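Colleague: Before I ask anything, let me first share the structure, which is written out below as structure tokens.
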Amino acid sequence: MTDAERPQPAPGPARAQLEPGRGAKSFAVSRLAPSPTGALHLGNARTFLVNWALARQRGWRVVLRVEDLDTPRVKPGVVDQTVRTLAWLGLDWDEGPHLQAADLGPYRAAMRELASRGLAYPCELTRGEIQAAASAPQEGDDGEIRFPPELRPHPITPAPFTDEQTNWRFVTPPGAVAFRDRFAGEVAIDPSETVGDFVLWTKRGCPSYQLAVVIDDHRQGVTEVVRGNDLLDSAARQICLSRALGLAAEPTYTHLPLVRGADGKRLAKRHGDTRLTSYEGAGIGAERVIGLVASWCGLEGPREAMSARVFLERFEFSRMPRQDVVFTAEDARWIAEDS
Ligand code: GLU
């Protein structure tokens, strides 16, 4: 039985006692974590609506965190637009928006700690060099190539974290990381097999997604991570890293099935323009988008336009289909129809 079928325990003091690392925070916290590198599309709308509805139904606090570290790809104005789009959908939050790029201090502190303990090392190898060294280059879902173990320096000397213009990699320990996902059930992934020594800090002078997520989920007191299934593999990396940093509590994960195009590929530009700003610009109401998301989430009754509020009232986590969702030509037509 997964959590999808199980009645949920109420968040409360009992949970807090189990998690002394969270200090004064005794409540459950989820986060909406959009990346402003591209406009939010229908797949993002599905993830955010489910995340938000779960949080509001179960009394979790919601933190909005904009993951704007990938600076070359973050265009001016996109952060504000991302926040406006979430509000257009009818979502709200209790804290934020927090911008990751506003203060790199906490990520630097983590790097200093890892480097001084010999758990991170600078690595100047290019992607091409790593690919050439790998006997059968494997690329993860996130485009990261498995780092061949023989390329790790030996021995690793604990060093100060001074060079921020170089990639730094994590000394990924061998062994499977086991965790229970509210959707995927029991999961065991060995990051030393899937990606090896992954990047913690990039030569662009900023932390990698993996490091930033672990630090922020901890300092923002996040206890619930709800996101797409493409990040299931990353969860194992993040747990490993959080253990290396001695962060007491790990969040509970809920990885949702993906939204795909009719060709089975992850929803992307080639499946048509599903950007939420394009629907808004065309005068299509958020209610149409939410109506489509609702039908993907197994809400009872015929497909109909609805507000986020109504979605919240009618959403039942246990009824969410377990398989990936397909965005069809019929869906595209329905969303553009007059309600
Ligand atoms: N910012 C990531 C995204 O938009 C989500 C990361 C996460 O939820 O951990 O895909």
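Every read-out reported here was derived from the displayed coordinates using simple, explicitly stated rules and does not represent laboratory data. This one's a predicted model, so the numbers in the text were calculated from it and none came from an experiment. Counting neighbours? That spans all protein chains shown, and the Cβs are built from the backbone with ideal geometry, glycine included.
Colleague: Count charges around D216 for me, please; just the other residues with Cβ under 10 Å from its Cβ, Lys/Arg as +1, Asp/Glu as -1.
Modeller: My count for the surroundings of D216 gives +1.
Colleague: Next question, about the same structure. Hey, what did the chain get for relative contact order, percent, Cα under 8 Å, at least 6 apart?
Modeller: Working: 557 pairs, mean separation 67.0, N = 339.
Computed over the chain, the figure is 20 percent.
Colleague: Along the Cα→Cβ direction, 7 angstrom out, place labels at R243 and R58. What is the inter-label distance in nm?
Modeller: Label at R243, label at R58, 2.3 nm between them.
Colleague: In what sequence, highest mean first, do 168-181, 33-46 appear when ranked by Cβ atoms within 10 angstrom?
Modeller: Working: 168-181: 17.3, 33-46: 21.5.
Answer by packing, highest mean first, reads 33-46, 168-181.
Colleague: What's the magnitude of the charge dipole for the chain around its Cα centre, counting Lys and Arg as +1 and Asp and Glu as -1 at the beta-carbon? Answer in Debye, nearest 20.
Modeller: Working: 41 positive and 45 negative charges, 80 e Å.
Using only the charged Cβ atoms, the result is roughly 380 debye.
Colleague: Of W296, Q57, L89, which is farthest towards the positive pole of the chain's charge dipole, taken about the Cα centre with +1 and -1 on the beta-carbons of Lys, Arg and Asp, Glu respectively?
Modeller: Selected residue: Q57.
Colleague: Can you divide the C-alpha Rg of the chain by 2.2 N^0.38 Å and report the result to two decimal places?
Modeller: 1.02
Colleague: Name the residue farthest towards the positive end of the dipole of the chain from the options C123, A212, L258, assuming +1 on Cβ of Lys and Arg, -1 on Cβ of Asp and Glu, about the Cα centre.
Modeller: So the residue we want is A212.
Colleague: Relative contact order of the stretch 103-256, please, whole-number percent, based on alpha carbon pairs below 8 angstrom and at least 6 residues apart.
Modeller: Numbers: 248 pairs, mean separation 39.1, N = 154.
Taking the mean separation of contacting Cα pairs over the length of the stretch 103-256, I get 25 percent.
Colleague: Which value, to two decimals, describes the C-alpha radius of gyration of the stretch 80-156 once divided by 2.2 N^0.38 Å?
Modeller: Normalised Rg, Cα atoms only: 1.67.
Colleague: Per-residue counts of other Cβ atoms within 10 Å, averaged by peptide: what ranking do you get for 110-123, 221-234, 314-327, highest first?
Modeller: Descending mean neighbour count gives 221-234, 110-123, 314-327.
Colleague: R0 = 51 Å: FRET efficiency of W334 with H154, Cβ-based, nearest 0.05? Display every interim value, and only then the final one.
Modeller: Numbers: r = 58 Å, r/R0 = 1.14.
For W334 and H154, the calculated efficiency is 0.30.
Colleague: I want to check the label-to-label distance for R108 and R309. Put each point 7 Å from Cα in the C-beta direction and report it in nm to one decimal.
Modeller: For the pair R108/R309, the computed spacing is 4.7 nm.
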